[in-house]
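Each remark here refers to the structure printed beneath this line.
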Amino acid sequence: MTTRTADPTLHRRLSAVWAPPKGIWRFLTAVNHRVVGLRFMVTALVFLLLAGAEAVAIRLQLAQPMLGILSPEAYNQAFTMHGSTMMFLFAVPFLEGLAIYLVPLMVGAREMAFPRLNAFGYWVYLIAGVSLYGAYLFGYAPDSGWYNYVPLTGIGFRPGVNIDFWVTMITFLEVSALVAAVEIIVTVLKHRAPGMSLDRMPVFVWAILITSFMIVFAMPALMLTSLMLALDRMAGFHFFNAAAGGDPLLWQHLFWFFGHPDVYIMLLPAVGVVSTVIPVFCRRPLAGYTLVVVSALAIGILSFGVWVHHMYTVGFAFVGLSFFAAASMLITIPSAIQIFAWIATIWNGRLHEIATPMLFSLGFIVLFVLGGITGIMIAAVPFNWQIHDTYFIVAHFHYVLVGGSVFPIFAAIYFWFPKVVGRRLDERLGSWHFWLFFIGFNVAFFPMHIIGFEGMPRRVYTYLPGLGWDGLNFLSTVGALVMAGGMVVFVWNLVASWRGGAPAGPDPWGGNTLEWSTSSPPENYNFLLVPIVRGRNPLWDDPSPWEPSLETRPRWLAELSEAPDLRRDQVVTSAVTAEPEGRAIMPRPSLWPLWLALALTVSFLGAIATLYLVPVGLALAFVALVGWHWPREEKLVGYNEEEVNDEP
Amino acid sequence: MSRELLPGTPGVPSDSSDSLPLHLEGTRAPIVWGVVFLVLIEATLLCLWAVSYLYLRMGVESWPPPGVARPGLLWPTIGQLLLLLSPMPIWIALRSARDPASDDAPPRMIPIAMLLASGYLALKAWEYWEKDYLWTSHAYGSLDWSMSAYAVFHVIVVLLAGAVMWAFSTRGELQERSRAGLQALLIYWVFVALGSLLFFGTQYLVPIL
Ligand SMILES: [Cu+2]
């Protein structure tokens, strides 16, 4: 840490070389991973609030029988947008943003592998999300559920543009998720700090790496199937048209081949968050590091073999169903291993304070176990037939997804907000947020198990009185409002602490991973000197990973740290052992990512109006790609070292 | 700098006279890794597409549907062979470019690769010009036309990428800076050729089995 302040010249030079542009150009051309990552997270939080507002509207409509707050059509749009937003616009993009922000800091890098691709991914995400909500504003939102089953969504049953927006914009969004995944994988495999062999990598980075591999193999299924549906709807193809030799069930297979792994794409990063937070608050390294990583890997692989458990009622042979039931139940074993690892860490550690990140992590464990138990129940075929498409399912997946993904995301926000902003979130407001959200969640969703047993189907906009569903539905709505209260406290906390929270300092929690060795927020260049990693918990094992200082470093290391040519140098290391292999020059700010995203928007959004716009967009995209790859110097110009050298 | 600099960090050079290389290639180059993962994504998509073809095929009695002729094999096979050969010149260019005496290999070889791939495109265009069904006719037509369109689209993409790379190479840009770029192009080109082979097997062999 002392080396940072010891060398103000180096600080100024690196700061200038790595600085994002200023003013409007910053908005349009910045490629720095922390700028892009933060944009992902802030945008995703806005979508979370929108999805929450939709949820409140849904709950108000269902508070009593035969209410007319939402019309049936408005209700359909509300629950479709709620589900699509939480899945596609909040959970996955937020976790991507968190990874884009944190992974380079955790592996000791100054930038992601492909910074412009990163910026491109954000623009695609923003445009897709804004388009979907733009359509919603005019009443053209998708309205057939977040998994958009055919034949309901075929052109015969749902003419008009509502479903067109779903198929084009969700496909577009997957482009964003896929480029982020490639970006993250290559960064993790090729830009780790020297010495950070795979077995020394933080668990969070492992979880993100496995998640990214899952995105690579899962998202293409969704892209293919929504491309097929787009062709069916817009160009007269017959993939899903049984009358012409197609098959509607093909949609369900392809969708859930993506859809089930997608659950774990949202869950595994959360596992990484909790595995990071708990050891820090317990002051001991994670128990069973290897087991936790292997379990995450096992979950990632197994989750590709269970998709049919969403289709038990379709009418397959029982032998096939038994296989998928067994595979689904098998996933509980690696999940349980992880839970035992966390309990063991708490048990053997010195839990010194239960700050808000720890509260949300503990809340996660409780809710995730409850969701896991109902998960084993519905993996059993006969039970599943009984409660298929009832509120029991709604209860189950909210325990899994809100408990398993949203709670850890809140833990992550409270844990890393000080790093990102330089100020701490208020702890008292934090515990209000937690308790309102935790109690409200259970009041809202626990009764749904019972309502489901009593036979209330999901996705109905209202129900008749006297079916025995009234009281519990009302209770559920009360719980939803308490959760909304928790969200108000949370937003208040974010805004107030962003502007006037207590200064955090570089390492408020006493963390073990490299991001806590940077200032808060980190400087433009992240690390003044490229760190060298000698163990699994660099900040605990090794008080100064930056040593030796610049003067005493070997030349290859000094060069990397100094940016002698005023270019964005970054070390390239080998994939497994992280031995230095070379230097890479990272690109400077660029307008091409935005251009490329807009060009593809012409294709994707234009397709809804006329298919002739598709080639137009592709031609514009070609121009962008040529400009993107045009060889250039990538050198900072107009920086005069002598001028600033004399300053203290 | 002494050896104790990095205890337990095998392979980290501590010799202070070494400087790390700037122009990386092969598994050292991040861009090559990036293209490999792009290929993995697209390969997943292709496999799922082929599986979807088989899935829809198994759902019906006769394939192709009654009244539709089975696809001919001769010209499509020739086109496929041209496409499979087309990445070869780029591979040759990469190999001979190691030799500093022949740095004009990429500008000479890329056009040959493009010519071979264009032959595939011409044969495809001719074949589909003659088809007596469209994608709107039946699910068989939807699969057949869309898979060929996907393959053709990718061949156009590598042709455009090849053209850009050729332009860079005539400016002498390739030698130093973008050998990894040429490797990336080769990897993608080989993928396009093998991916269309997968579709070829699906589209032309499944109907005659
Ligand atoms: Cu599932």
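The values are calculated or read from the model by the stated rules, or taken from the named source; none is laboratory data. Computed from a predicted model, the values in this text were never measured in an experiment. Using ideal geometry, Cβ is built from the backbone for each residue, glycine included, and neighbour counts are taken over all protein chains shown.
Evaluated against (1) closer than 30 Å to A:G471 by Cα; (2) among the small types (G, A, S); (3) free of Cβ contacts under 8 Å to residues at least 60 places away in the same chain, A:A55 falls short on exactly one condition, (3). For the residues A:I185, A:I170, A:I208, the requirement of being in contact with a Phe, Trp or Tyr (Cβ under 7 Å, 6 or more places away or on another chain) and more than 14 Å from every other protein chain (Cβ to nearest Cβ) singles out A:I170. Listed by first and then second residue, the pairs linking a residue in segment B:186-203 that is more than 14 Å from B:I156 (Cα to Cα) to a residue that is aromatic (F, W, Y), with Cβ atoms under 8 Å apart and 6 or more places separating them unless they lie on different chains, are B:L186/B:W91; B:F199/B:W49; B:F199/B:Y150; B:T202/B:Y53; B:Q203/B:Y53.
Would you confirm whether any residue within segment A:607-615 is modelled with pLDDT of 90 or more and at the interface with another protein chain (Cβ under 10 Å from one of its Cβ atoms)?
So far as segment A:607-615 goes, no, none of its residues is modelled with pLDDT of 90 or more and at the interface with another protein chain (Cβ under 10 Å from one of its Cβ atoms).
Residue-wise test of (1) on the phi > 0 side of the Ramachandran plot; (2) away from the ligand (no atom under 14 Å from the Cβ); (3) away from chain B (no Cβ under 14 Å).
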{"residue": "A:W251", "(1), (2), (3)": "no, yes, no"}
{"residue": "A:T290", "(1), (2), (3)": "no, yes, yes"}
{"residue": "A:S295", "(1), (2), (3)": "no, yes, yes"}
{"residue": "A:A298", "(1), (2), (3)": "no, yes, yes"}
{"residue": "A:W307", "(1), (2), (3)": "no, no, no"}
{"residue": "A:F316", "(1), (2), (3)": "no, yes, no"}
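Scanning segment A:332-345 for any residue that is more than 22 Å from the chain's Cα centre (by Cα), more than 14 Å from chain B (Cβ to nearest Cβ), among the polar types (S, T, N, Q) and within 16 Å of the ligand (Cβ to nearest atom) turns up at least one such residue. Candidates in segment A:211-248 are the residues that are of a type in the set (V, I, T), farther than 25 Å from A:T610 by Cα and crowded, with 24+ Cβ neighbours inside 10 Å; of these, the one that is farthest from the other protein chains (Cβ to nearest Cβ) is A:T211. In segment A:158-169 there is at least one residue that is surrounded by fewer than 21 Cβ atoms within 10 Å (Cβ to Cβ) and of a type in the set (D, E, K, R).
Any residue at all in segment A:412-419 that is assigned to a loop (DSSP other than H, G, I, E, B) and modelled with pLDDT of 95 or more? Looking through segment A:412-419, none of the residues is assigned to a loop (DSSP other than H, G, I, E, B) and modelled with pLDDT of 95 or more. Just one of the listed residues (B:L56, B:L46, B:L20) is outside any helix (DSSP H, G or I), in contact with a Gly (Cβ under 9 Å, 6 or more places away or on another chain) and among the aliphatic types (A, V, I, L, M), namely B:L20. Restricting attention to segment A:318-331, report how many residues are in contact (Cβ under 8 Å) with a residue 60 or more places away in the chain and within 16 Å of the ligand (Cβ to nearest atom). Here the count works out to 1.
Here A:G195 meets each of (1) at pLDDT 95 or above; (2) within 9 Å of chain B (Cβ to nearest Cβ) with one exception, condition (1). The listed residues are B:G72, B:G59, B:G67, and the only one of them that is modelled with pLDDT under 95 and at the interface with chain A (Cβ under 7 Å from one of its Cβ atoms) turns out to be B:G59.
Can you say whether A:F364 is of a type outside the set (S, T, Y) and either within 16 Å of the ligand (Cβ to nearest atom) or in contact with a His (Cβ under 6 Å, 6 or more places away or on another chain) (or both), as far as the supplied structure shows? Before you say what the answer is, go through the steps one by one.
On the way: of a type outside the set (S, T, Y): yes; either within 16 Å of the ligand (Cβ to nearest atom) or in contact with a His (Cβ under 6 Å, 6 or more places away or on another chain) (or both): no.
So A:F364 fails the test.
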